[in-house]
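Here is the structure we will look at, set down as structure tokens.
The values are calculated or read from the model by the stated rules, or taken from the named source; none is laboratory data. In this text, all values refer to a predicted model and were calculated from it rather than measured experimentally. Here the Cβ is made from the backbone with ideal geometry for all residues, glycine too, and neighbour counts use every protein chain on show. We work out accessible area using only protein heavy atoms, side chains counted, and drop any ligands, DNA or RNA first. Shrake-Rupley method; radii C 1.70, N 1.55, O 1.52, S 1.80 Å.
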Amino acid sequence: MRRLRVITILLLFVQAAIAQKNPFITHMYTADPSAHVWADGRLYVYASHDIDPPRGCDLMDKYHVFSTDDMIHWKDEGQILEASQVPWGRKEGGFMWAPDCAYKNGTYYFYFPHPSGTEWNSTWKIGVATSKYPAKDFKVQGYIKGLESLIDPCVFVDDDGQAYLYYGGGAKARGGKLKDNMMEVDGEMKPMEGLVDFHEASWVHKYKGTYYLSYSNNHDKDGKYNQMCYATSKSPLGPWTYQGIYMDPTDCYTNHGSIVEYKGQWWAFYHNAVLSGHVGELRSVCVDKLFYNPDGTIQKVVQTLGNENAPKPGSVRRK
Ligand code: FUB
């Protein structure tokens with residue numbers, strides 16, 4: 001009997017030691033996780049990178065990709081792009097904000113917001129880099145023409161192969177079709193109607209035939225900031241029906257999430273600042289399980305920790 005109890009306790013220890021823990025990346029500061037499952041069966045996270053010491057979000061200069069096949073062990077696939085590789089980018093660099101990646105016909109398309117001028121806030125462009133691989137060899141092809149100066153691209157490819165681009169910030173959320181080349185808008189980008197208190201961080205996924213547009217709002221109360229909200233529609237471009245908040249604020253000024261199914265479980269990716277304690281700009285990517293109610297609404301995601309006492313990442317500076 002005693003032996004059984006010891007074995008059970010040992011097993012619980014082992015289970016806790018190999019469990020998924022947050023933040024799940026601790027060797028560098030990362031934010032804005034966009035998660036995708038590609039044909040090789042791995043889950044890839046495309047994240048932006050906060051630089052220590054921070055200066056607002058303006059020193060953010062590099063993108064890394066992380067991958068896993070069990071949601072516990074993560075591989076840093078390395079840096080895929082930095083501002084100096086963007087021919088049309090602002091000469092001072094920095095400002096490589098929340099990205100996304102999509103796959104179509106054998107090519108991976110990496111979408112990233114980056115300004116083209118010193119006046120960064122009025123010169124945002126949505127850049128596109130392509131590769132035959134999910135986490136290396138990306139080459140900048142240009143930017144999507146005819147867009148407003150806004151941030152946070154998300155590209156959703158529907159079951160019929162049609163791709164949609166969403167982006168926005170500061171109360172403007174836009175969406176529209178992409179042409180087959182994935183680098184040009186097909187028709188007009190239009191306002192996404194029905195969202196409540198939109199701030200930024202658009203993300204679209206589909207569950208049981210319904211489209212879900214999730215985003216961060218402008219919540220700012222009692223030292224707590226962005227909540228993650230969502231709206232649903234029977235059409236990928238709305239109009240949307242606001243459904244509420246699926247994640248309470250973290251300890252961070254911003255939040256930015258993605259929602260994806262992997263190996264039969266739905267997951268919500270986001271970021272917090274528990275590693276740095278710097279609630280503004282030194283963020284770390286996290287993930288927790290997401291559950292739907294039978295009516296398709298999303299249950300509030302329970303944020304977990306486990307790696308909050310990991311050593312703080314060392315300073316990584318721009319070249
Ligand atoms: O990381 C820079 C910006 O902060 C992102 O583009 C926003 O979504 C917010 O997370």
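Springs join every pair of Cα atoms under 10 Å in this Gaussian network model of the chain, and among Arg42, Arg174, Arg283 the largest mean-square fluctuation is at Arg42. Multiplying the residue separation of Thr297 and Asp76 by 0.36 nm and subtracting their alpha-carbon distance yields 76.2 nm. Model label points for Gln265 and Thr304, set 7 angstrom from Cα along the Cα-to-Cβ axis, are 0.7 nm apart. Across Tyr253, Tyr133, Tyr215, mean-square fluctuation computed from a Gaussian network of the chain (C-alpha pairs under 10 Å connected) peaks at Tyr133.
Site pair Tyr242 and Glu148 shows an inter-label distance of 1.8 nm when each label is modelled 7 Å from Cα along Cα→Cβ. Quick check: the angle from helix 2-18's long axis to the longest principal axis of the chain, C-alpha only, nearest 10 degrees? On a 0 to 90 degree scale, this one is about 20. Using the Cβ-Cβ distance between Lys139 and Lys190 with R0 = 30 Å, the FRET efficiency computed as 1/(1 + (r/R0)^6) comes to roughly 0.45.
Across the accessible surface of region 214-319, with the other protein chains kept in place and a 1.4 Å probe, carbon and sulfur atoms take up 50 percent.
Residue separation of Arg5 and Lys221 scaled by 0.36 nm, minus their Cα-Cα distance, works out to 73.0 nm of gained length. Leaving ligands, DNA and RNA out of it, work out the accessible area of Trp97 with a 1.4 Å probe and give it in Å² to the nearest 10. Solvent-accessible area, nearest 10 Å²: 50 Å². Once all protein chains are placed together, Thr210 keeps about 20 Å² accessible to a 1.4 angstrom probe. Under a 5 Å amide H cut-off, with hydrogens placed 1.01 Å from N, His219 pairs with Gln227 among residues at least 5 apart or on other chains. Cross-link check: pairs Lys208/Lys289; Lys62/Lys179; Lys75/Lys136; Lys179/Lys263; Lys224/Lys263; Lys91/Lys312 evaluated at a Cα-Cα cut-off of 23 Å; pairs beyond the cut-off: Lys62/Lys179; Lys179/Lys263; Lys224/Lys263; Lys91/Lys312.
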